[in-house]
Amino acid sequence: MKFIHYFELDHKEDGTGIAGTDTVLPYIKPLQACLRCAVFAATLGHGADTEIRSAFARSPSSGLALDTAANRNLFELHRKIEEEVLAASGAYIMSVISPGSCYLDISYQKDIVSILNTIHTTGIFVNDYCVLTPSKTITGIIGISETPVVKENQCDTCTHKCEYGRSTKNGITVSNSW
Amino acid sequence: MASLLATLGKEVIFLDGAMGTMLQRNGLKLGKHPESMSITHPGAIEAVHRSYVEAGSQILLTNTFGANRKKLSATGHELSKIVSQSVQIAKTASQGFACVALDIGPIGESLVPIGTLGFDECVDIYKDVVIAGTKAGADLIFIETIFDLYEMKAAITACKENSDLPIFASMTFAEDGRTFLGCPPSAAAALLTGLGVTAIGVNCSVGPKTLVPVIKEITQNTPLPVFAKPNAGMPRLDSPNNYDLSPREFAAEMMNLYELGVCAFGGCCGTSPEYISAVKERFTGRKLASRNIKQTSVVCSGSKSVVIDSVRIIGERINPTGKKLLKEALVSRDTGYIQHQALSQLDAGAEILDVNVGMPGIDEAETLEWIIPTIQAVTDAPLQIDTTNPKALERALRIYNGKPIVNSVNGEEKSISTVLPIVKKYGASVVGLTLDERGIPKTAVSRFEVAQKILKSAKEIGISENDVFIDCLTLTVSAEPDGAVVTLDALAMVKEKLELKTVLGVSNISFGLPNREFLNLMFLTMAMERGLTLPIVNPNINGVTDAVVSYRLLKREDKNPDRYIERFGEESSVRLRKDPNKKLDVKTAIIRALPQEAATAAEELLKTEKPLDVINSHIIPALDEVGERFEQGKVYLPQMLQSSEAAKAAFKVLKKHMDAKSGGAGRILIATVKGDIHDIGKNIVKVILENYGFEMIDMGRDVSSEDIVAKMKSENIRLVGLSALMTTTLPSMKATIKALKAESPYCKVFVGGAVLTKEYAEKIGADFYAKDAKTAVDYAKKVFTDL
């Protein structure tokens, strides 16, 4: 299940407002070129969580396999949302910015749930600790620009230099661990 | 109000339309709570209400949809004031032309086991709203836009316990005909009817035409009045406040619902007074359409209903009588074992599970309180709650998600007066045992008379005959030669003369005799032919499910013989045949992840070695070898888990020969911390540690530091494992470690989780950072060696 909503953006000195809401995003450099955005929430649903729990109760290896497959499905859903937004926007799109990523504090999970009314549109909840249920859920913001976009490698500007990071050299992005 | 309610189900009634849509069109921002406007902009709210009254609405919903202490905490407004003000505004606007309904919407958090909100806390949150609204003078309570049947039950429970107002209960269904949590309309109809609401309905999510299958299923499965408040179709992407149906189109589509027997009509998101006017114009003067109401017996969980229209197996294995391992699991709260027992019965053909925890030394109410959610976390099969302890029964029925069967009431006055009111309160079905103060009657006629008495008592208290199932009692023919005949004759009488569903504990028939399995199978078949609907059996016994599936085919209950073919068709009968001459030793079987072979080899070893020696000399070394290969990157986690499963199969064999208190590498408490619901990693670590002989006390997820500390103290635990997946829940981990160390400095704590690092673990006071399951094992071994 997915729910996508489009908003105008209002760039100010202290951040970027999402029009029609009280949500103000922090300064996000790649977003400055965008005048619109898509805000989305997508989930595999509560049934997936129940099936994974059941599978684990029967056989931990089966539960692990199903959990992994579900994660793969979620990435696929993520990709489809990007494709849909690209097609609907008729313009250029940024990489997805999700709460908990280097650009956006995880507390924005509550904003997204609220402005999309996800409880009623997709059955997605968020608790006081910003944990989403169902667990196989993604949310995010996709900036839409009228001019071509150079997708920034987020790892270049991230302060957490982890072993999974990527570097961009000569326009090619590769994993640091390769 | 009284006059309007008197017409409910007899004449068309007009509800109101959306409040939120109207306010958003006038500037309310997305994500803002409109309830505060009852204080800040009462005129605006009153204007909306008035416009609906002028359009013809006979019931106005107060501006209290999101008014609960959770959602209002950030607004600074007091709940009781908002509710009271909202009721007064609606009353003023109605000018006596409309009833005022206290509108109650979802709390906004998910309940256990999906989320972290407990059932009792949920009831308590709703209780505040109900009390405030009743005190303010609302005419009825309207619970709406709920898609979790469990949350609906909590809301209705809060209403019934704190108010006498009529209750309209409305659930929200998605395009696939189920709620977001998978609840089918039949389950909603079954439970809400049993709980005794005044009317059942559907609102929000989709437009009228899409709701046709949902409304059809509801109108067929409840005798109660049914209402509908759909959206104005689907939202248009270009404008969130505009939907794709015009008022006229909306009213036209509502005809589909009218024809199914809906008696009250309104609108939800996207609608406005114009929509209500259009509906009123179309339906004024029309008589209600007739309904096709089925007389069925239905039990359900939160996401599955089982219609008892043919023989359905009730699995009997979750009953500690004569089961050593289950008794141990109940005492040690081994949730994994319980869940495995539940699932294996369902995989074998059971459709309902009996849950009995009666044994000396445990608190039945407390045990049912954890075991029911444990089972419901992994299966949607309805449960039969098997207890005669009224306190345990009340507790179990309260926290059960759905409509269960209660086993049981009997013909004794004391039983009738204590059990039936509890059954009625929670809307359950009930098994009536045909015994009374005289004991078990010797004749079929006498048992039939007890059945009549139970049915009469149930109906007097308001329990439908569709919810009374009779157990004519099975006595072993080794002691009662006429036992089978009397039971079968009584069964036939109950079925033919009372037309009730019947239950039997089949396996009792053969107690004390040889060749029990075959005798049970014969009795089962004879009983089904005489009218048995719900056999309580062990579906894992060879032939039991086969007999039921075959019977259903022969009696044409399995019309397209899908179940028969599924069970006996060519593909399902293909079995992988292993070479019986090829025997593997335990170690090799575990390394190769072959559970059957590991169990067989363990059995063989027990002829010459003691169980502890098998563990220490064969199983542990096997697991150590797999663990080394894992560390070297030669095997991966799934393979390690599969080896664990093989080891577990060997352990199962050994446990039967071991004293419960003997052995054990050490006791470890494990939990996911408060606020976090992720537990896959924790569960994997638990499985691996168990296979090394550690006794795991798994407290589950979202566990408070207070509960962890209390458990550590009561069980005298020396090693605790904590898990967290989110940075937001790491403070809970830090607080838990601090609390543990304060209470017991000797207690060691190891931590794990995707966001953790060795450095952070040290920073928050953990004794060890376990980067994976293998390192957790190594640390645990070290801790218990050093002790």
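The values are calculated or read from the model by the stated rules, or taken from the named source; none is laboratory data. The structure presented is a predicted model; accordingly, all values stated were derived computationally and were not measured. Don't worry about glycine lacking a Cβ; one is built from the backbone with ideal geometry, like all the others, and counts go over all protein chains shown.
Selection of region B:634-651 for residues being surrounded by fewer than 16 Cβ atoms within 10 Å (Cβ to Cβ) and more than 14 Å from every other protein chain (Cβ to nearest Cβ) yields only B:K634. For region B:701-726, which residues satisfy the criterion of being out of contact with any Gly (no Cβ under 7 Å at 6 or more places or on another chain), assigned to a loop (DSSP other than H, G, I, E, B) and over 19 Å from B:G666 (Cα atoms)? B:R701, B:S704, B:M726 - these are the residues of region B:701-726 that are out of contact with any Gly (no Cβ under 7 Å at 6 or more places or on another chain), assigned to a loop (DSSP other than H, G, I, E, B) and over 19 Å from B:G666 (Cα atoms). In region B:175-203, the residues that are charged (D, E, K, R) form Cβ pairs under 9 Å with partners that are at pLDDT below 95 and part of a helix (DSSP H, G or I), at six or more places apart or across chains, as follows: B:E175/B:T210. Look at (1) crowded, with 24+ Cβ neighbours inside 10 Å; (2) more than 18 Å from the chain's Cα centre (by Cα) and you find that B:L393 fails only one, number (2).
For residues that are aliphatic (A, V, I, L, M) and without any contact (Cβ under 8 Å) to a residue 40 or more places away in the chain, scanning just region A:97-131, find the one that is surrounded by the fewest Cβ atoms within 10 Å (Cβ to Cβ). Break it down stepwise before answering.
The first filter runs over region A:97-131 and keeps only residues aliphatic (A, V, I, L, M), leaving A:97, A:104, A:106, A:112-113, A:115-116, A:119, A:124, A:126, A:131.
Narrowing further to those that are without any contact (Cβ under 8 Å) to a residue 40 or more places away in the chain: A:106, A:119, A:126, A:131.
On the way: A:I106: 17, A:I119: 22, A:V126: 27, A:V131: 23.
Among those residues, the one meeting the criterion is A:I106.
Applying the set (1) more than 14 Å from chain A (Cβ to nearest Cβ); (2) hydrophobic (A, V, I, L, M, F, W, C); (3) closer than 27 Å to B:L433 by Cβ to B:A348 leaves exactly one unmet item: (1). Got at least one residue in region B:382-390 being surrounded by 21 or more Cβ atoms within 10 Å (Cβ to Cβ) and within 14 Å of chain A (Cβ to nearest Cβ)? Within region B:382-390 (the criterion being surrounded by 21 or more Cβ atoms within 10 Å (Cβ to Cβ) and within 14 Å of chain A (Cβ to nearest Cβ)), the answer is no, since none of the residues qualifies. The listed residues are B:G31, B:G20, and the only one of them that is within 14 Å of chain A (Cβ to nearest Cβ) and within 15 Å of B:G270 (Cα to Cα) turns out to be B:G20. The residues of region B:160-188 that are more than 14 Å from B:A199 (Cα to Cα), among the hydrophobic types (A, V, I, L, M, F, W, C) and away from chain A (no Cβ under 14 Å) amount to a single one, B:A187. A single member of B:D148, B:D128 is among the acidic types (D, E) and surrounded by fewer than 24 Cβ atoms within 10 Å (Cβ to Cβ), and it is B:D128. Restricting region B:496-510 to residues that are of a type in the set (G, A, S) and touching a strand residue (DSSP E or B) at 6+ places or on another chain (Cβ under 8 Å), the residue that is surrounded by the most Cβ atoms within 10 Å (Cβ to Cβ) is B:S507.
The rows are residues; the columns are (1) within 12 Å of chain B (Cβ to nearest Cβ); (2) more than 12 Å from the chain's Cα centre (by Cα); (3) at pLDDT 90 or above.
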residue	(1), (2), (3)
A:A91	no, yes, no
A:V96	no, no, no
A:P99	yes, no, yes
A:Q109	yes, no, yes
A:H120	yes, yes, no
A:L132	yes, yes, yes
A:S135	yes, yes, yes
A:I138	no, no, yes
A:I141	no, no, yes
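Filtering region B:683-705 to residues that are farther than 18 Å from B:P373 by Cα and within 11 Å of another protein chain (Cβ to nearest Cβ) leaves B:I684, B:V685, B:K686, B:V687, B:I688, B:E690, B:N691.
Scanning region B:190-209 for residues that are within 14 Å of chain A (Cβ to nearest Cβ) and in a loop (DSSP other than H, G, I, E, B) turns up B:C204, B:S205, B:V206. Applying the criterion of at least 3 residues that are charged (D, E, K, R) to the helices (runs of 4 or more DSSP H) found wholly in region A:36-147 leaves A:46-58, A:60-89. Restricting A:A19, A:A41, A:A48, A:A55 to those that are in contact with a Phe, Trp or Tyr (Cβ under 6 Å, 6 or more places away or on another chain) and closer than 30 Å to B:D380 by Cβ reduces the list to A:A41. Of the residues making up region B:100-125, those that are facing chain A (nearest Cβ under 10 Å) and under 29 Å from B:L5 (Cα atoms) are B:G105, B:P106, B:I107.
Mind listing just one residue for me: the one in region B:305-332 that is basic (K, R) and surrounded by 19 or more Cβ atoms within 10 Å (Cβ to Cβ) and, of those, nearest to B:N542 (Cα to Cα)? Show your work before the answer.
From region B:305-332, those basic (K, R) are B:312, B:317, B:323-324, B:327; that's our starting set.
Then keep just the ones that are surrounded by 19 or more Cβ atoms within 10 Å (Cβ to Cβ); that gives B:312, B:317.
Values: B:R312: 17, B:R317: 15 Å.
Looking at residues that are basic (K, R) and surrounded by 19 or more Cβ atoms within 10 Å (Cβ to Cβ), I get B:R317.
Does B:K160 satisfy the criteria of being more than 23 Å from B:G20 (Cβ to Cβ) and not aliphatic (A, V, I, L, M)? Yes.
State yes or no: is A:A69 within 22 Å of B:A377 (Cα to Cα), buried (at least 18 other Cβ atoms within 10 Å of the Cβ), more than 8 Å from chain B (Cβ to nearest Cβ) and small (G, A, S)? Walk me through it before giving the result.
Details: within 22 Å of B:A377 (Cα to Cα): yes; buried (at least 18 other Cβ atoms within 10 Å of the Cβ): no; more than 8 Å from chain B (Cβ to nearest Cβ): yes; small (G, A, S): yes.
The answer is no for A:A69.
When the helices (runs of 4 or more DSSP H) confined to region B:23-115 are screened for residues that are within 34 Å of the chain's Cα centre (by Cα) and surrounded by fewer than 19 Cβ atoms within 10 Å (Cβ to Cβ), those reaching at least 2 such residues are found at B:69-72. Taken residue by residue, region A:39-59 has no member that is away from every other protein chain (no Cβ under 12 Å), surrounded by fewer than 16 Cβ atoms within 10 Å (Cβ to Cβ) and touching a residue at least 40 places away in the same chain (Cβ under 8 Å). Quick one: is B:L245 over 34 Å from the mean Cα position of the chain (by Cα), surrounded by fewer than 20 Cβ atoms within 10 Å (Cβ to Cβ), closer than 25 Å to B:R178 by Cα and modelled with pLDDT under 95? It is false that B:L245 is over 34 Å from the mean Cα position of the chain (by Cα), surrounded by fewer than 20 Cβ atoms within 10 Å (Cβ to Cβ), closer than 25 Å to B:R178 by Cα and modelled with pLDDT under 95. Number of residues in region A:27-38 that are modelled with pLDDT of 90 or more, among the aliphatic types (A, V, I, L, M) and buried (at least 20 other Cβ atoms within 10 Å of the Cβ) equals 1.
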